[in-house]
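The values are calculated or read from the model by the stated rules, or taken from the named source; none is laboratory data. The shown structure was predicted, so the numbers you read here are calculated from the model rather than taken from an experiment. Don't worry about glycine lacking a Cβ; one is built from the backbone with ideal geometry, like all the others, and counts go over all protein chains shown.
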């Protein structure tokens, strides 16, 4: 044990600390916001590199020039124009796949997510904009879990909602959830047996019902009518103050789906993920400024005006 | 074999995060006293302009450079902090030994675990701070609560470290509350050789304000990486 002034920029802790900063940046956004996905890709990159550095920082050096390994060993650069270069993401993932238990299954996802990050940085498109969370978030958490375990940490050391992360991982791994596909097939068959008139009436009623109830309106996988997704709030509430209204948004992790047109009901995140309904959505609430800030209402102000006593004051008069 | 009386109770140091040693080894220099306590860190190769034993005297703001606490706080209170908190691994122990004392200038001491009444351990462990200065190629990112082997290191410095993420901002806001100074234990190094041995990984320390007649205060400091519990010799 010795006192140490500095820490190499490629050390396990330095890279983990950066991953932590990026995760907290990610968590400032709703899950279906493109920035959430973008920061997740950066955090994953640094977590991967931290795991490699846990074996040795020298493995992070670009192998095409010995000077990068020399730098990784903590030595000062030996030429004025030297710029240290680290290994490509592909090399990093190859190392992790070979040396980190349980990571092989995540390698393909990590490579794909890094590709999205590169496209975000190098192309004119918003790569993460329409990406459904159900398609990547469970895999992201699973990759992080394997890497964290390797460096002696847990999901709770990185994420605010570690429990929900665990649920998502479990949901994606739940083979029994795939039985929901049989339910959907059964409801498709029932729906097919209805007349056009019955279908139109049922869909119309479902539309009205969904517009009145609280939840996220989503197309039913069986009958294509509008059903409702409901779930558990996750993360912080973002608040925007507009002219007279306050708009608050919060990410919701799906828990149940209901369609009153065909009667399909799906319960549990794992089953929802299995049938493509497991994507996080944003719940938006609009509140009047008066209610939000506890201001007086118009009625209260009118009551105050009418209750004011008359002191017999005479108005101005130019007589 | 001559058995010497233990210099301090290591359990007390572990439990309280510091130990006050009245009239520590009066016949010894501070370096000799520190070497009797444990393994002393030679600071000269690690910190430019430093030496194994450092002399601490109150200085006004204009008399010290900005990379020193005196250059920022002068004779005012020094806020609670850990020494060299911006280092990747700060020195484990700090020995403060009185050369010339005063009756009114207190050393403040607060174990970091006192903060857990107001903030969760999880938040502290996720607080990422950044050092003001960084050498090229070196990371300036530090977590407020990290590990060195099996030991926890809590670090805090309101001047040399800045918060980088929301957990760190939460910790920073908490420690801005002057109430923590009230909660701190306060010791006066009044007489020569009065000493405080501080576990710099567990305990924040600070200094009270120095009045005009107290600028003669002279403390010597040495850093140790390990301490031994007694003076038994073989």
#### Entry: Condition met for residue A:164 (touching a strand residue (DSSP E or B) at 6+ places or on another chain (Cβ under 6 Å), under 30 Å from residue B:145 (Cβ atoms) and assigned to a helix (DSSP H, G or I))
yes
### helices (runs of 4 or more DSSP H) fully within region A:1-74 counting 2 or more residues that are surrounded by 21 or more Cβ atoms within 10 Å (Cβ to Cβ) and more than 13 Å from chain B (Cβ to nearest Cβ)
A:34-55
### Task
Could you please give the count of residues in region B:194-215 that are closer than 18 Å to residue B:175 by Cβ and in a strand (DSSP E or B)?
6
### Message
Criterion first (modelled with pLDDT of 95 or more, within 11 Å of chain A (Cβ to nearest Cβ), farther than 25 Å from residue B:93 by Cβ and buried (at least 20 other Cβ atoms within 10 Å of the Cβ)) does residue B:200 satisfy it?
### Response
no
### Message
Against the conditions (1) crowded, with 18+ Cβ neighbours inside 10 Å; (2) within 15 Å of the chain's Cα centre (by Cα), where does residue A:130 fall short? Just the number, please.
### Response
(1)
### Query
Of all residues in region A:252-275, which are more than 11 Å from residue A:171 (Cβ to Cβ) and part of a strand (DSSP E or B)?
A:252, A:256, A:257, A:258, A:265, A:266, A:267
### Task
Being touching a residue at least 24 places away in the same chain (Cβ under 8 Å) and out of contact with any helix residue (DSSP H, G or I) (no Cβ under 9 Å at 6 or more places or on another chain) is the filter; apply it to region B:134-151 and report the residue that is nearest to residue A:84 (Cα to Cα).
B:148
### Task
Those residues that are assigned to a loop (DSSP other than H, G, I, E, B) and more than 14 Å from residue B:56 (Cβ to Cβ), I need them from region B:174-193; list them, please.
B:176, B:177, B:178, B:184, B:190, B:191, B:192, B:193
### Message
As an exercise: evaluate residue A:115 against (1) in contact with a helix residue (DSSP H, G or I) (Cβ under 8 Å, 6 or more places away or on another chain); (2) more than 29 Å from residue B:122 (Cα to Cα); (3) without any contact (Cβ under 8 Å) to a residue 40 or more places away in the chain; (4) surrounded by 13 or more Cβ atoms within 10 Å (Cβ to Cβ) and give the number of the one condition it does not meet.
### Response
(1)
### Task
Return a yes/no flag: does region B:15-38 have any residue that is in a loop (DSSP other than H, G, I, E, B), more than 11 Å from residue B:223 (Cα to Cα) and under 16 Å from the mean Cα position of the chain (by Cα).
yes
### Task
Would you mind stating whether residue B:105 is crowded, with 16+ Cβ neighbours inside 10 Å and farther than 23 Å from residue B:172 by Cβ?
yes
### Query
Of all the strands (runs of 3 or more DSSP E) wholly in region B:43-162, which have at least 3 residues that are more than 12 Å from chain A (Cβ to nearest Cβ) and over 25 Å from residue A:158 (Cβ atoms)?
B:53-56, B:78-81, B:93-100, B:106-111
#### Entry: Residue, nearest to the other protein chains (Cβ to nearest Cβ), within region B:172-185, restricted to residues that are more than 21 Å from residue B:139 (Cα to Cα) and free of Cβ contacts under 8 Å to residues at least 60 places away in the same chain
B:173
## Note on the structure
Scanning region A:94-116 residue by residue, those more than 23 Å from the chain's Cα centre (by Cα) and under 22 Å from residue A:38 (Cβ atoms) turn out to be A:96
### Task
Output the residue which, of all residues in region B:54-78 that are within 17 Å of residue B:187 (Cβ to Cβ) and touching a strand residue (DSSP E or B) at 6+ places or on another chain (Cβ under 6 Å), is surrounded by the fewest Cβ atoms within 10 Å (Cβ to Cβ).
B:56
